[in-house]
Each structure stands twice: as C-alpha cells, then as structure tokens.
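Presented below is the structure to which this report refers.
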C-alpha cells in the first residue's frame with residue numbers, strides 16, 4: 001500500500017450550496033425580518049390594528065415557510081444530482097471564488113439585491129400596515145359589495161373612525177372570530193353568492209360595551225340635548241313646519257349624581273333583556289328588567305305572547321338596539337329632500353317639490369344611471385324651463401347617489417333605524433302601552449311625547465320665538481289624530497304627504 005494513498009474518502013460538499021437554497025434563505029431571512037418589524041409596530045403603535053395580525057401572523061410566516069421549502073427543495077435537488085456523480089467530481093455545486101472577477105461581480109449583485117429586498121420588505125410591510133387599517137381597504141379593496149355601507153359611512157358621525165375599531169375592536173380572540181366568520185363572506189364575494197341586500201342586524205357583532213364605550217361613556221352622559229327639526233308639508237306652497245325639542249338623554253352613575261333619561265336603558269344600574277320574534281328585531285313581545293340595586297325582576301309581555309322565549313334568543317339590551325345604524329344610516333326620501341330644501345339646494349319656489357322629488361326618488365330603477373335619467377326627465381316634465389330646475393335636479397340626483405343602491409337593493413326601506421320613532425317603530429317596539437306584567441298591574445312606561453323629550457317650540461315664523469321651557473303639547477300640522485296611532489303608522493319615509 002502506497003504511503004501517498006488517501007486515508008479517508010473525499011467529503012461531499014454541502015448540498016445546501018445551490019442557488020435555489022440560497023434564494024430560499026434570502027426569502028426566509030426577509031420574512032423573518034418583516035415579522036420582527038411588524039411585531040414591533042404592533043407593540044408600539046398608539047392604536048391596535050386588527051388587520052395587522054394578517055400580515056404579522058399569516059403573511060410573514062407564509063413567506064418564511066416558502067423560504068424554508070425552497071431551501072429544502074434546493075438541498076434535495078442538489079443531493080440527487082450529487083448522488084449520480086462520483087466522489088470528488090463536479091456536481092454543479094455552488095462555489096464562489098473571490099479571486100475570480102466574475103464571482104466577485106455576481107456576489108456583489110446578489111448581496112446588493114438581498115439588501116434591497118430587505119429594505120423593500122420593511123418599507124412594504126410598513127405601507128401595507130397603514131393600508132390595511134384604512135377604510136378604503138374595508139370598503140373597496142376586499143369588500144366591493146360594501147358600496148352602500150362605504151358611501152353612507154362617509155356621511156356619518158363616525159366617518160373618522162376606522163371600520164375595524166367597531167366591527168372587530170382590540171384583542172386576539174375577536175380578531176380570530178371575525179376572520180372565521182368572514183371566511184364564508186370571502187367565498188360568497190368571489191363566487192357572487194352574497195345576499196342582496198346584506199341582511200342585518202349582524203348576529204356576531206361584538207358587544208357595544210367593548211367597542212362603543214371605548215369612546216362613549218354612558219355613566220357620564222347627563223343633561224339634555226337641544227335639537228331642531230325642519231319639515232315641509234306636501235302642499236303647493238311647501239309650507240315649512242319646525243319642531244324644537246329638548247331630548248332627555250340622561251345617563252349618569254347611580255349614587256354619584258343625576259341618573260335617568262333615555263340612557264336609563266343602558267347597563268348602568270339596570271339590566272334590560274328582550275326577545276324579538278323577527279330577524280330584524282322589530283317585534284318585541286317579551287321584556288325582562290332587572291334592577292342591579294335591589295335585585296327586583298319584572299317581566300313584561302304582550303297579550304298575544306304565551307309561554308317563555310327560547311333561552312338562547314334572549315338578548316341583553318345595549319347601545320346597538322337603539323343606535324343600530326351608527327355609521328351606515330340611509331336617509332329616508334322625505335328626510336333627505338327636506339334637508340336639502342332647508343339648505344336651499346332644492347328650491348322651495350317649485351310648487352309641490354317635496355312630493356314630486358320623493359316620487360322621483362322612490363320609483364323602481366334597475367341602475368343608478370337609469371335613476372339619474374329618470375329623475376331628470378320627471379322634474380323637467382313637471383317644471384318645464386323654470387330656472388330652479390337644473391340645481392334641483394342635481395340635488396335630487398345626489399340624494400339618490402348617497403342613499404339608494406339598486407345593485408345591492410339597499411335603501412332606508414331595507415334597514416330599520418331604531419333611533420327615534422318617526423319612520424320606524426323604534427322606541428315604540430317596547431313603549432307601546434301593550435307590554436304588561438303577568439298580573440296586568442304594570443306596563444312599560446307610556447309612550448307619550450313628554451317621556452323622552454320636551455317640546456320647546458313648534459310651528460313657523462314667529463311661533464318659533466315663543467320658547468316654552470316647561471314644554472308644550474305637540475300639535476300635529478294636519479290636525480288631531482287617533483291617539484292609538486304611532487308615528488310610523490303613517491310616516492314611512494317615502495309616502496307623499498308624510
């Protein structure tokens with residue numbers, strides 16, 4: 001045996017030395033860098049962004065897994081190629097020799113690309129973070145079917161509150177729940193299987209105490225609110241009728257000051273539960289009130305309701321039972337027209353403009369373009385060449401654009417608004433003098449006009465200067481009405497003259 005003979009067999013070079021594994025390593029490092037960067041943003045951000053979880057815990061790990069898969073794939077391919085070659089032969093392994101100008105050049109290009117990739121990963125992660133917390137992301141990118149909600153949101157009092165803050169809120173558990181419940185919505189959107197209109201109320205909406213009350217504090221809501229409502233009769237002269245109210249909002253914390261008013265219903269010192277027999281919660285035959293101070297429990301029910309409601313169908317009353325359209329309220333045809341008449345956008349010089357405009361708005365249209373044309377034709381035929389017609393047509397078309405969505409079959413008639421009682425039952429779902437205790441001795445508080453508001457002034461012109469701090473009796477502009485009627489028995493937001 002020769003002394004020059006090798007004592008050991010030549011070692012195979014590492015199978016990880018290949019371009020595929022190297023590319024996978026760069027992808028894995030980049031995604032790990034993005035993950036750490038996003039975790040830092042999530043930790044130090046002033047406000048929680050639920051959608052950041054998608055990037056941090058789904059997208060970044062997915063790219064990390066992809067990088068690892070590429071590393072292993074490169075190793076497997078290289079190992080198979082090496083197995084077919086004799087020991088010590090060129091198995092097309094990745095070899096970098098810095099003494100060669102070509103290798104130095106390739107290494108510099110690859111290194112520069114890797115650094116640029118990491119910088120772009122950081123920049124892209126940061127920009128994507130901001131985009132996913134935007135309203136446009138919710139209303140346009142992922143939820144094109146949400147055009148009605150997206151449009152009405154921009155005209156709401158919550159137009160500066162992001163969608164996620166109300167629909168998801170903070171915390172991992174509700175983020176996960178929202179994503180699970182949204183899985184079918186994504187499927188329905190992609191395959192055009194979603195409902196038209198989108199059904200409400202949202203069954204899995206997070207309790208208002210965990211979302212609304214992050215900004216709104218019922219215990220501190222005290223005193224009254226002064227509100228003025230301008231209306232017009234559906235007559236030739238477009239007679240104005242105005243009502244000024246003092247709304248008894250109330251609220252407060254028992255034992256620390258004034259307590260009562262409309263916000264008595266909230267879970268400050270009372271627990272109000274109810275059972276609704278219809279999906280939209282407009283028919284409420286059973287109510288239970290529990291005083292947290294005394295422990296007294298009272299159950300009220302309508303005459304027709306017999307037995308007990310299903311335990312799983314009993315709902316604890318919260319903000320959303322009255323403020324059920326806080327960011328997506330559709331104006332009724334009457335309300336929108338009267339608002340523009342008061343602002344001078346719809347001319348009151350045009351005879352009977354209110355019923356005419358309402359009729360133009362509420363006709364059946366297949367598309368918005370068809371509606372714009374139909375509104376213009378109807379108003380021009382009615383008022384011919386009057387100089388007020390052009391701006392009035394533009395105003396009515398804008399009303400339609402902001403409140404009517406034929407593709408989704410959505411307008412105010414689709415979605416009840418429980419705040420108040422004029423065009424929908426609202427307060428009168430419970431305060432209708434028909435809910436009594438089992439012995440029949442007690443009823444839910446009466447629905448008379450002074451229960452929740454005081455009428456300070458009403459009428460027109462000089463009548464509005466006669467303020468009555470003690471309140472006055474409401475006078476309907478069309479005269480005396482049957483006291484058994486509620487407002488929504490006649491008013492529905494779109495009938496001429498209502």
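The values are calculated or read from the model by the stated rules, or taken from the named source; none is laboratory data. Just so we're clear, the structure is a prediction, and the values are computed from it rather than from any experiment. In this analysis, Cβ positions are derived from the backbone assuming ideal geometry, glycine residues included, and neighbour counts consider all displayed protein chains.
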Condition broken by residue 379, with the remaining ones in (1) over 30 Å from residue 303 (Cβ atoms); (2) touching a residue at least 24 places away in the same chain (Cβ under 8 Å); (3) more than 28 Å from the chain's Cα centre (by Cα) satisfied: (2)
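Residues of the range 408-464 being part of a strand (DSSP E or B) and either within 31 Å of the chain's Cα centre (by Cα) or within 18 Å of residue 489 (Cα to Cα) (or both), which ones? Give the derivation first.
Looking only at the range 408-464, we keep the residues that are part of a strand (DSSP E or B), and these are 410, 436, 443, 453-459.
410, 453 - these are the residues of the range 408-464 that are part of a strand (DSSP E or B) and either within 31 Å of the chain's Cα centre (by Cα) or within 18 Å of residue 489 (Cα to Cα) (or both).
Take the residues in the range 144-161 that are in a loop (DSSP other than H, G, I, E, B) and farther than 15 Å from residue 213 by Cα, then tell me which one is modelled with the lowest pLDDT. Steps first, answer last, please.
As a first pass, look at the range 144-161 and keep what is in a loop (DSSP other than H, G, I, E, B): 154-161.
Then drop every residue that is not farther than 15 Å from residue 213 by Cα, which leaves 154-157, 159-160.
Values: 154: 89, 155: 90, 156: 91, 157: 90, 159: 89, 160: 86.
So the residue we want is 160.
Here is a yes/no grid of residues against (1) touching a residue at least 24 places away in the same chain (Cβ under 8 Å); (2) touching a strand residue (DSSP E or B) at 6+ places or on another chain (Cβ under 7 Å); (3) at positive phi; (4) crowded, with 19+ Cβ neighbours inside 10 Å:
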| site | (1), (2), (3), (4) |
| --- | --- |
| 281 | yes, no, yes, yes |
| 284 | yes, yes, no, yes |
| 295 | no, no, yes, no |
| 307 | no, no, yes, no |
| 367 | yes, no, no, no |
| 371 | yes, no, no, yes |
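Would you be able to say whether some residue in the range 391-399 is touching a residue at least 60 places away in the same chain (Cβ under 8 Å), under 19 Å from residue 238 (Cβ atoms) and surrounded by 17 or more Cβ atoms within 10 Å (Cβ to Cβ)? So that I can check it myself, show each step before the final result.
The first filter runs over the range 391-399 and keeps only residues touching a residue at least 60 places away in the same chain (Cβ under 8 Å), leaving 399.
Then drop every residue that is not under 19 Å from residue 238 (Cβ atoms), which leaves 399.
Okay, now just the ones that are also surrounded by 17 or more Cβ atoms within 10 Å (Cβ to Cβ), so 399.
Checking the range 391-399: at least one residue is touching a residue at least 60 places away in the same chain (Cβ under 8 Å), under 19 Å from residue 238 (Cβ atoms) and surrounded by 17 or more Cβ atoms within 10 Å (Cβ to Cβ).
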Of all residues making up the range 432-464, the number that are within 18 Å of residue 288 (Cα to Cα) and touching a residue at least 40 places away in the same chain (Cβ under 8 Å): 9
Residue check for residue 331: in contact with a helix residue (DSSP H, G or I) (Cβ under 9 Å, 6 or more places away or on another chain) and closer than 19 Å to residue 265 by Cα: no
Qualifying residues in the range 318-349 (those that are without any contact (Cβ under 8 Å) to a residue 60 or more places away in the chain and part of a loop (DSSP other than H, G, I, E, B)) - the one farthest from residue 430 (Cα to Cα): 349
Which numbered condition residue 97 misses (of (1) surrounded by 12 or more Cβ atoms within 10 Å (Cβ to Cβ); (2) at pLDDT below 70): (1)
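I'd like the full set of residues that are in a helix (DSSP H, G or I) and under 30 Å from the mean Cα position of the chain (by Cα), limited to the range 350-374.
Filtering the range 350-374 down to residues in a helix (DSSP H, G or I) leaves 353-362, 368-374.
Listed by number, the residues that qualify are 357, 358, 359, 360, 361, 362, 368, 369, 370, 371, 372.
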